[in-house]
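**Q** My structure is below; once you've seen it, I'll send some questions.
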Amino acid sequence: MEPLTVYCDGCAEPNPGSQGVGILFKQGDITISTISEYIGQGTNNIAEYRSVLTALKYAVMQGWELKAIYTDSNLVLNQVIGNWRVNKSEFEQLATEINQLRKQVGDPRILWIKSEENPADLPSRQAIVGIEPPKRLGRLHMVSKTRKEFQCRECEQVIPPGSSCYRQNVYHQEDSFKGEQTRLCMECGEKFMGCGIA
């Protein structure tokens, strides 16, 4: 079999949220194999990385040689080929594993493709159809019950209630429910006590 071209895409809805990967292996205009897989909860960037990693693992398992890997993630492309510094250990581990696997399938080039032109976009989104994110997954969690302070899970900034940053958070806001301190999920409207992961 001649070397294949593979198209990869990952998505998370919301971000962070349910992750899906979509992968198409093609030989010319012929699609050899398609993968559409739900991979759990996490961020869009991790899903993009995992789509490339999944494609490479599958190619190794099938004994296929690849000539090109297409991704619409500038982050994945530039970190894997060394143009951008990798500032997260999780990304570094994924980039290292990707480069190790590339050597086993013909050392294919990694190339960028516009999102709207990526045929792997649809299967990545189909993978999370009907998957509901955990209702208690939020971006804030309580770090001080006495001072009612919350910490952003992404930037780790401690945010006092009432500050402008806290009011603009898209996942949770303060609410009063039966006279007790509660959280209100702005995604599903569910009220719950204390921490977003309690």
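**Q** Name the residue, out of Val21, Val86, Val52, that is over 23 Å from Arg125 (Cβ atoms) and in contact with a helix residue (DSSP H, G or I) (Cβ under 6 Å, 6 or more places away or on another chain). Write out each step before concluding.
**A** Working: Val21 fails: over 23 Å from Arg125 (Cβ atoms); Val52 fails: over 23 Å from Arg125 (Cβ atoms).
One residue alone meets the criteria, Val86.
**Q** Sticking with this structure for a sec: Only residues in segment 107-129 that are touching a residue at least 40 places away in the same chain (Cβ under 8 Å) and part of a helix (DSSP H, G or I) count as the first member; pair them with residues that are open to solvent by 10 Å² or more (accessible area, probe 1.4 Å) and of a type in the set (D, E, K, R), Cβ under 6 angstrom, at least 6 apart or cross-chain, and list the lot.
**A** Note: pairs meeting the criteria are Ser115/Asp72.
**Q** Looking at (1) among the small types (Gly, Ala, Ser); (2) within 15 Å of the chain's Cα centre (by Cα); (3) closer than 17 Å to Thr5 by Cβ, can you tell me which one Ala127 breaks?
**A** (3)
Every residue, every condition in (1) open to solvent by 100 Å² or more (accessible area, probe 1.4 Å); (2) part of a helix (DSSP H, G or I), yes or no:
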position	(1), (2)
Val60	no, yes
Ile69	no, no
Trp84	yes, no
Asn99	no, yes
Arg102	no, yes
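**Q** Filter segment 71-82 down to the residues that are touching a residue at least 24 places away in the same chain (Cβ under 8 Å) and in a loop (DSSP other than H, G, I, E, B) and list them by number. Steps first, please.
**A** We begin by selecting, within segment 71-82, every residue touching a residue at least 24 places away in the same chain (Cβ under 8 Å); these are 71-77, 80-81.
Selection gives Asp72, Ser73, Ile81.
**Q** Same structure, new question: Return a yes/no flag: does segment 138-145 have any residue that is in contact with a Ser or Thr (Cβ under 9 Å, 6 or more places away or on another chain), of a type outside the set (Ser, Thr, Tyr) and either surrounded by fewer than 17 Cβ atoms within 10 Å (Cβ to Cβ) or at pLDDT below 95 (or both).
**A** At the first step, the residues of segment 138-145 found to be in contact with a Ser or Thr (Cβ under 9 Å, 6 or more places away or on another chain) are none.
For segment 138-145, residues in contact with a Ser or Thr (Cβ under 9 Å, 6 or more places away or on another chain), of a type outside the set (Ser, Thr, Tyr) and either surrounded by fewer than 17 Cβ atoms within 10 Å (Cβ to Cβ) or at pLDDT below 95 (or both): absent.
Okay, residues lined up against (1) open to solvent by less than 50 Å² (accessible area, probe 1.4 Å); (2) more than 30 Å from Gly130 (Cα to Cα); (3) of a type outside the set (Lys, Arg):
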position: Ile32; (1), (2), (3): no, no, yes
position: Ala47; (1), (2), (3): yes, no, yes
position: Trp64; (1), (2), (3): yes, yes, yes
position: Asn87; (1), (2), (3): no, yes, yes
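**Q** Output the number of residues of segment 17-30 satisfying the condition of being buried (at least 24 other Cβ atoms within 10 Å of the Cβ), closer than 27 Å to Glu65 by Cβ and of a type outside the set (A, V, I, L, M, F, W, C).
**A** Selection size over segment 17-30: 2.
The values are calculated or read from the model by the stated rules, or taken from the named source; none is laboratory data. Since the model is a prediction, treat every value here as computed from it, not as a measurement. When we count neighbours, we look across all protein chains shown, and the Cβ atoms used for this are built from the backbone with ideal geometry, even at glycine. What goes into the accessible areas is simple: the full protein's heavy atoms, side chains included, and nothing from ligands, DNA or RNA. Shrake-Rupley method; radii C 1.70, N 1.55, O 1.52, S 1.80 Å.
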